[in-house]
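Participant: Got a structure for you, questions after.
The values are calculated or read from the model by the stated rules, or taken from the named source; none is laboratory data. It should be emphasised that the depicted structure is a prediction, and the values quoted were computed from it without experimental measurement. When we count neighbours, we look across all protein chains shown, and the Cβ atoms used for this are built from the backbone with ideal geometry, even at glycine. Remember, those area values only see protein heavy atoms, side chains included, never the ligands or the DNA or RNA. Shrake-Rupley method; radii C 1.70, N 1.55, O 1.52, S 1.80 Å.
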Amino acid sequence: MKGFRYLSNVATLELDQGRCIGCGRCLEVCPHQVFVLEARRACIGDRDACMECGACAGNCPVDAISVDSGVGCATGIINEWLREKKIPGLGGGSCG
Amino acid sequence: MSDHLGACKARWGINRMDFLVPPGLYAIGTPTPEAPVLVTANYKMTYDLVRRVLAGRNVWLLVLETFGINVWCAAGKGTFGTGELVRRVAESGLAKVVTHRRVTLPILGAPGIAAHEVLKQTGFSVRYATIRAEDLPEYLDNGERTTPAMRELSFTMYERLVLVPVEIVLVLKTLLVLGGGLYLAALILAGSSAALTALLGYLGAVFTGIALGPVLLPFIPGRSFAVKGALAGLAFSAVFYAVAGGALWSWPVQLASFLAFPAVSSFYTLNFTGCTTYTSRSGVKKEMRLSLPVLGGALVASLCLALVGTLVK
Ligand code: SF4
Ligand code: SF4
């Protein structure tokens, strides 16, 4: 996205090119133009732009893409961590 | 985009019912059986916007039940999802209303949808049209083809600004509890004027983190939201020091204010990542693992300092 750039080398996006059938769906749904199509195969052109929304993985007809998607605000993640550790959360505002 | 994010926190509960539109199939103008079928959420602002930009055209509008939440957030939760789309297509008898087999969805709805599953279960193929509803007319005029510009996200000052009130409403309860506690503690230890200063400083730091950080986002250096928030908080501390007569405070209290306020601002700016459309969850997790111990340490240190400062005066 123009003018906005988040941390590098964190996105969990993975693509199994061996499975890809080159349908182009991932290019269509990604709002950050992460993928490019080369020789009828998708490849990850700009992994650091990925916001882990999961659109590409969910829409790939052959399950070639995986990404850890979910709640992205600090309060939401804290509540998630607390749940994992079985500590009751403080509630509080969350987009969760 | 503004309305997509506007109710990222639609849980704020105020007049929720006013934001609901009954789900189902609507006709805009007098659509023929060949007219396109556009899919949207039953979030009032999105629905109104879509109707407004499509005024004068003849299209079908299929409204999904997202419980008054906008497309982007509902897709993240899965309510704007494959199951709901399949159900609405069946319930509305869409296959009898139109002769073609295409449904047109907003791009930001894609995280909730598996297009190939929709095709398998309904016979309708999914097209992802545009990010913004405002681009729909051009998309339709363009032979239903998406241009690169229609796929490009934006996050303008205005789009960030409209998110701030909701964020503030969400933290009101925390503010009341923590602010009240801080005021009382300071009142007992140091008297009413010090208590008022502490409370104002705290509220200012929260506001800096919630409003100033997000609004000035691209102008504050760094990529980390925690750092951006801390820098904004540091600037606030300096202003507050000057305005509130910080030169008269004891040095531990001065130090405490420059530790605590940036820490508070930092947390709230970091929390804003939940409302942006470019921060990844892994990135936020990394930031939190690094910043939470620092923020916590800064708060504890500043509390100790403030105690020492008021007791040994
Ligand atoms: S959606 Fe899947 S199959 Fe289609 S181009 Fe992308 S990776 Fe390849
Ligand atoms: S997860 Fe979202 S942002 Fe990341 S590559 Fe997939 S569609 Fe693009």
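Participant: Rounding to the nearest 10 and keeping the result within 0 to 90°, find how far the Cα-based axis of helix B:44-53 lies from the longest principal axis of chain B.
Facilitator: Helix B:44-53 and the main axis of chain B meet at about 50 degrees.
Participant: Run the reach check for residue B:96 against aspartates and glutamates, Cα to Cα strictly under 15 Å, same-chain hits fewer than 8 apart removed. What comes back?
Facilitator: Within the straight-line cut-off, residue B:96 pairs with B:34.
Participant: Another question, if that's okay. Return the FRET efficiency for the residue pair residue B:189, residue B:101: r is the Cβ-Cβ distance, R0 is 51 Å, and the value is rounded to the nearest 0.05.
Facilitator: Working from the Cβ atoms, E equals 0.10.
Participant: Of the heavy-atom accessible surface of the stretch B:174-313 (probe 1.4 angstrom), what whole percent is carbon and sulfur?
Facilitator: Carbon and sulfur together cover 79 percent of it.
Participant: Let me check against my output: what whole-number percent is the relative contact order of the stretch A:14-84, with C-alpha pairs under 8 Å and at least 6 apart?
Facilitator: Rounded, it is 31 percent for the stretch A:14-84.
Participant: What FRET efficiency, computed as 1/(1 + (r/R0)^6) with R0 = 22 Å and r the Cβ-Cβ distance, is obtained for residue B:238 and residue B:175, rounded to the nearest 0.05?
Facilitator: 0.45
Participant: Let me ask something else about it. Among the DSSP beta bridges whose two residues both lie in the protein assembly as shown, what percent are antiparallel, rounded to the nearest 5?
Facilitator: 55 percent
Participant: A further question on this structure: Among the lysines, which have Cα under 24 Å from the Cα of residue B:44 when same-chain residues fewer than 8 positions away are ignored?
Facilitator: Result set, ordered by chain and number: B:9, B:77.
Participant: For B:120-133, what's the mean count of beta carbons from other chains sitting within 10 Å of each residue's beta carbon?
Facilitator: 1
Participant: To the nearest 10 square angstrom, how much accessible area does residue B:154 have with a 1.4 angstrom probe?
Facilitator: The accessible area of residue B:154 comes to roughly 30 Å².
Participant: State to the nearest 20 debye the size of the charge dipole of the stretch B:72-155 about its Cα centre, where the only charges are +1 on K and R beta carbons and -1 on D and E beta carbons.
Facilitator: 360 debye
Participant: Filter A:2/B:120; B:120/B:286; A:2/B:285 down to the pairs with a C-alpha to C-alpha distance above 27 Å, please.
Facilitator: Violating the 27 Å limit, Cα to Cα: A:2/B:120; B:120/B:286.
Participant: Rounded to the nearest 0.05, what FRET efficiency do residue B:51 and residue B:87 have when you use their Cβ-Cβ distance and R0 = 22 Å?
Facilitator: It comes to 0.45.
Participant: Right, something else. With a cut-off of at most 15 other beta carbons within 10 Å, and DSSP calling the residue loop, which trypsin sites (Lys or Arg not before Pro) in the stretch B:106-155 qualify? Please list them.
Facilitator: Hits after loop and neighbour filter: B:145.
Participant: In chain B, what % of DSSP beta bridges are antiparallel (nearest 5)?
Facilitator: Rounded to the nearest five, the antiparallel share is 40 percent.
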